[in-house]
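The values are calculated or read from the model by the stated rules, or taken from the named source; none is laboratory data. Treat the numbers as computed from the prediction; the structure is a model and nothing was measured. Cβ: placed from backbone, ideal geometry, glycine included. Neighbour counts: every protein chain shown.
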Ligand SMILES: Cc1cc2nc3c(=O)[nH]c(=O)nc-3n(C[C@H](O)[C@H](O)[C@H](O)COP(=O)(O)O)c2cc1C
C-alpha cells in the first residue's frame, strides 16, 4: 500500500530520508551467484553522487555503499540483500527557514496534506537522495543482465546493454543517433551528452542559470540494447507501461515517451509502421524502429528507446510568493545546496530504473515460459 517497493520477482524496497541517518534498499528475489564487488556498485553510485562537478549541488557525500546481507564471498546468495549509505553532510539547519512554509512546486504541501506532518530536513523522503538506493539495486540488475545473452536467449543475444544520456537542456538540443552512442562518449563530459560540442553549450547554459540563482530542465534519452523478444506482459504490466511507471517515479520527471512517442502524432500508418525482414542468420527484425522496441507490451528484440522529461527543479535562489502552514502569505528566497539542473545526475537513475524493469520482466518471463 505505502508504495516503497518496486518490481514483482526482482523486488526492491527503499528506505531513508535525505537528512536522516541513512538511505538504503532491500533487494528481494535476487538470483544467487551474481558476482559483483562493492566497487562496481560504487561506480554506479559515484555517477549519481552530489558534488561531482561545478554544475551539481555542492553537498559533500561520499555515498559509500555498505552491503549488510545477502552477499558472501563476492556473490549474491539469493537471500534479501540490504545495502545502505550513511548520510554524512546532513545540514538540517539549512532548512529551518522552510519548516513552516511550503516551497512552490516542491512536495512540502502535499506531504503535509497527506500525513499531517513532514520531515522538513532537506525534503525528507521527497528528496532525490532516495534514488541512490535504486542505483545500488540497479547496479546488481545491470550486472546480471549484461551476462544473459547466449543460452538465455537461444544464442541470439549478447548481453543486455543499458545506457542513457542528456539530449536536451532548455532549448539546446543534441541530434544523436541512439544506435551509435557509446558509454565512454556519455562519460566524457560533466553534463553527460555524447555530442561534445553541444555538451559545452549545455554546460555554459547550466552555469549561467546557476549564477542567476535559477534552475533548468531537459530531456534524457534512454537506450536498452539486446533485449530478448518476449519480455513484458500483454495487458496491465506491459513492458512499455512499466518503463513509463519506472521513469515517472523519478523525482522531477514530467514526461515519458517511447519510440517516436509524441512525434508520431502527425504521421500516417504507412510512415510509422516498422516493416519486418529476415536477416542473414534467419532472425526476424524490423527495418525501422519507430515503436521503440515493444509491441503489444512485449519486447520485439529491437533496441528499446525512450525519452524522459525533467522539469526545472523547484528550489531556486529567487524570491517567490508562497504561504505559511496556517495560510498566511509570505515570501521565500531559498538558500542551502541545490542542483540547478538535475539531468547529469539523473542519467544513472534512468539507467537503474531501466535495469530494474528489464530484470523483473526477464525473471517473470523465465518463470512462466522457462
Ligand atoms: C538527481 C536529482 C536531484 C534533485 N535535486 C533537487 C534539488 O537540489 N532541489 C530541488 O528543489 N529539487 C531537486 N530534485 C527534484 C525534487 O526531488 C522533486 O521535484 C520534488 O520531490 C517534487 O516532486 P516532483 O517534482 O516529482 O513532483 C532533484 C531530482 C533529481 C532526480
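Observations on the model:
- The residues on offer are 59, 48, and the sole one that is surrounded by 13 or more Cβ atoms within 10 Å (Cβ to Cβ) and touching a helix residue (DSSP H, G or I) at 6+ places or on another chain (Cβ under 7 Å) is 48.
- Checklist (1) under 30 Å from residue 28 (Cα atoms); (2) within 9 Å of the ligand (Cβ to nearest atom); (3) modelled with pLDDT under 95 applied to residue 339, failing item: (1)
- Yes/no for residue 137 being buried (at least 21 other Cβ atoms within 10 Å of the Cβ), out of contact with any helix residue (DSSP H, G or I) (no Cβ under 7 Å at 6 or more places or on another chain) and at pLDDT 95 or above: no
- A count restricted to segment 108-142 and to residues that are touching a residue at least 40 places away in the same chain (Cβ under 8 Å) and within 12 Å of the ligand (Cβ to nearest atom) stands at 13.
- Scanning segment 6-27 for residues that are touching a strand residue (DSSP E or B) at 6+ places or on another chain (Cβ under 6 Å) and crowded, with 17+ Cβ neighbours inside 10 Å yields 6, 11, 12, 13, 14, 16, 23, 24, 25, 26, 27.
- Where strands (runs of 3 or more DSSP E) sit wholly within segment 236-329, those with at least 1 residues that are within 16 Å of the ligand (Cβ to nearest atom) occupy 253-258, 304-310, 320-323.
- Any hit, segment 193-210, residues being part of a loop (DSSP other than H, G, I, E, B) and surrounded by fewer than 19 Cβ atoms within 10 Å (Cβ to Cβ): no
- Those residues of segment 221-259 which are surrounded by 24 or more Cβ atoms within 10 Å (Cβ to Cβ), in contact with a helix residue (DSSP H, G or I) (Cβ under 7 Å, 6 or more places away or on another chain) and over 21 Å from residue 342 (Cβ atoms), in sequence order: 224, 227, 231, 232, 239, 242
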